[in-house]
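Engineer: The structure follows.
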Amino acid sequence: MGTQIAIKRRGGESTFIGLRWEQLDGELQRYLMRRLHNSHTARDVAQEVYLRLLRFEQLAEQRFDETCDLLVCSDVMHYIPTPELLRGLSGFAEIGHGLAFMDLFARGDAFVGDREEFQPRTAAWYRKVFAKNGWYSCGSHCYLSRELLPRASQLELAGT
């Protein structure tokens, strides 16, 4: 499993949660590696581009200056051990107030890719845990926050 990263752009509108190094754009990877090579410390690089390296479970306590409209957690959750995943998800409702894109695989999914450290949890388990933490399915890997749920149209809701 790759390094998990939370990115907050100072003064920007975007917050991306749970990215893995492998998912970063090649240009951003090269830039970070050049900066790391020149400065010799990850902390220097992180301060320059406003990155903070976190374990997923730290999202239970981590807060940013503002909540965000969109949380993106792509291809990460199905590799995180259950106790750490549950702790991290407990903070999502306070980090984001809009839409979450959380693509992941569940037990029984036929997927191509890394199976090392895969946590074979059921789709029903994820739906239950997401709802308990204030996120409700509204389509292809997208979840509405508890705040937006009352404003959703019937066709936006995916069987909730």
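The values are calculated or read from the model by the stated rules, or taken from the named source; none is laboratory data. Since we're looking at a predicted model, the values are computed, not measured. As a convention, Cβ positions derive from the backbone with ideal geometry for all residues, glycine included, and neighbour counts pool all protein chains shown.
Engineer: Could you figure out which of (1) assigned to a loop (DSSP other than H, G, I, E, B); (2) surrounded by fewer than 17 Cβ atoms within 10 Å (Cβ to Cβ) isn't true of F105?
Structural biologist: Every condition holds for F105 apart from (2).
Engineer: On the given criteria, is Y136 part of a strand (DSSP E or B), within 23 Å of L59 (Cβ to Cβ), modelled with pLDDT of 90 or more and of a type outside the set (S, T, N, Q)?
Structural biologist: Values: part of a strand (DSSP E or B): yes; within 23 Å of L59 (Cβ to Cβ): yes; modelled with pLDDT of 90 or more: yes; of a type outside the set (S, T, N, Q): yes.
For Y136, the condition - part of a strand (DSSP E or B), within 23 Å of L59 (Cβ to Cβ), modelled with pLDDT of 90 or more and of a type outside the set (S, T, N, Q) - is met.
Engineer: Among the residues of the range 107-130, which ones are over 16 Å from the mean Cα position of the chain (by Cα), of a type in the set (A, V, I, L, M) and within 23 Å of L157 (Cα to Cα)?
Structural biologist: A123, A124
Engineer: Scan the range 109-143 for residues that are among the small types (G, A, S), closer than 14 Å to L86 by Cβ and crowded, with 17+ Cβ neighbours inside 10 Å and jot them down. Before the answer, list the steps.
Structural biologist: Residues of the range 109-143 among the small types (G, A, S): 110, 113, 123-124, 131, 134, 137, 139-140.
Subset that is closer than 14 Å to L86 by Cβ: 131, 134.
Residue satisfying the conditions is G134 alone.
Engineer: Another question, if that's okay. Kindly indicate the residue of the range 75-94 that is acidic (D, E) and over 11 Å from the mean Cα position of the chain (by Cα) and also nearest to L149 (Cα to Cα) among those meeting that condition. Before the answer, list the steps.
Structural biologist: Within the range 75-94, the first condition is being acidic (D, E), and the residues that meet it are 75, 84, 94.
Now narrow it down to the ones that are over 11 Å from the mean Cα position of the chain (by Cα): 84, 94.
Numbers: E84: 26, E94: 15 Å.
So, considering only residues that are acidic (D, E) and over 11 Å from the mean Cα position of the chain (by Cα), the one nearest to L149 (Cα to Cα) is E94.
Engineer: Next question, about the same structure. With the requirement that a residue be farther than 10 Å from F92 by Cβ and either in contact with a helix residue (DSSP H, G or I) (Cβ under 6 Å, 6 or more places away or on another chain) or among the aromatic types (F, W, Y) (or both), what does the range 124-146 give you? Step through it out loud before you land on a result.
Structural biologist: Kept after step one, since they are farther than 10 Å from F92 by Cβ, are these residues of the range 124-146: 124-129, 131-132, 136-142, 144, 146.
Selection gives W125, Y126, Y136.
Let's see how each residue does on (1) at pLDDT below 65; (2) touching a Lys or Arg at 6+ places or on another chain (Cβ under 9 Å); (3) at positive phi; (4) β-branched (V, I, T):
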residue	(1), (2), (3), (4)
I17	yes, no, no, yes
H37	yes, no, no, no
E57	no, yes, no, no
F64	no, yes, no, no
Y79	no, yes, no, no
E94	no, yes, no, no
G98	no, no, no, no
D103	no, no, no, no
